[in-house]
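Structure first, then comments.
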Amino acid sequence: MSDVQNSIIAARLSIQRALLGQVSPCLRAVVFTIVGRVIDIRFYFDRYIDEADTESVSCAETEILADYDFGDTITAHCIRLDAPEPINDDGVWVYLRRESFNA
């Protein structure tokens, strides 16, 4: 496996572990990208992002940071994107809520 593949696998496992106990019903998806030693994580929410949501993202971000070395950069962003608006993100998907909509 290449270094890039190993980095993606390690980040995916770290993020999924950090999500344990932090997923609220309004969290639609979690997606990340890696460029060098920078991991950018996007948390997509389905409504107004309240203090409990930002605290959960902060807790997850802290858990992820603990898995990495000094010099690595982890950024987490809370993004409001109400359903059924599609999430157009080309990153690596870690979490996706099941959504069903009547046409």
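Defining a contact as two alpha carbons under 8 Å apart and six or more residues distant in sequence, what relative contact order in percent does region 1-96 show? Write down the numbers at each step before the final one.
Numbers: 132 pairs, mean separation 35.5, N = 96.
Relative CO of region 1-96 lands at 37 percent.
Go ahead and estimate [θ] at 222 nm for the chain from helices alone: -39,500 (n - 2.57) per DSSP H run with n ≥ 4, summed, over the residue count, rounded to 500.
On the way: 2 runs with 32 residues, N = 103.
Taking each H run of at least 4 residues, the total per residue is -10500 deg cm²/dmol.
Of all DSSP beta bridges in region 3-89, what percent run antiparallel (nearest 5)? Spell out each step's value before the answer.
Working: 8 of 17 bridges.
That works out to approximately 45 percent antiparallel.
What nm distance separates the two modelled labels at ALA66 and ARG17, each placed 7 Å from Cα along Cα→Cβ?
Each label point is offset 7 Å from its Cα along the Cβ direction, giving 0.9 nm.
Along the Cα-to-Cβ line of ALA10, 7 Å from the Cα, sits a label point; which residues in region 26-52 have backbone N less than 16 Å from it?
The answer is 33-40.
First compute the accessible area of the chain with a 1.4 Å probe, then give the percent of it belonging to carbon and sulfur atoms.
Roughly 54 percent, rounded to a whole number.
What angle do you read, to the nearest 10 degrees and between 0 and 90, between the alpha-carbon axis of helix 3-19 and the longest principal axis of the chain?
Approximately 50 degrees, to the nearest 10.
Mind pulling the angle between the C-alpha long axis of helix 51-65 and the longest principal axis of the chain? Nearest 10 degrees, somewhere in 0 to 90.
20 degrees
Keeping all protein chains in place, calculate the accessible area per residue for the chain (probe 1.4 angstrom), answer in Å².
Numbers: 6500 Å² over 103 residues.
That works out to 63 Å² for each residue.
The values are calculated or read from the model by the stated rules, or taken from the named source; none is laboratory data. Note that the structure is predicted; figures quoted are calculated from it, not measured. Cβ coordinates were reconstructed from backbone atoms using ideal geometry, including for glycine residues, and neighbour counts include every protein chain displayed. All accessible areas refer to the heavy atoms of the entire protein, side chains included, with ligands and DNA or RNA removed. Shrake-Rupley method; radii C 1.70, N 1.55, O 1.52, S 1.80 Å.
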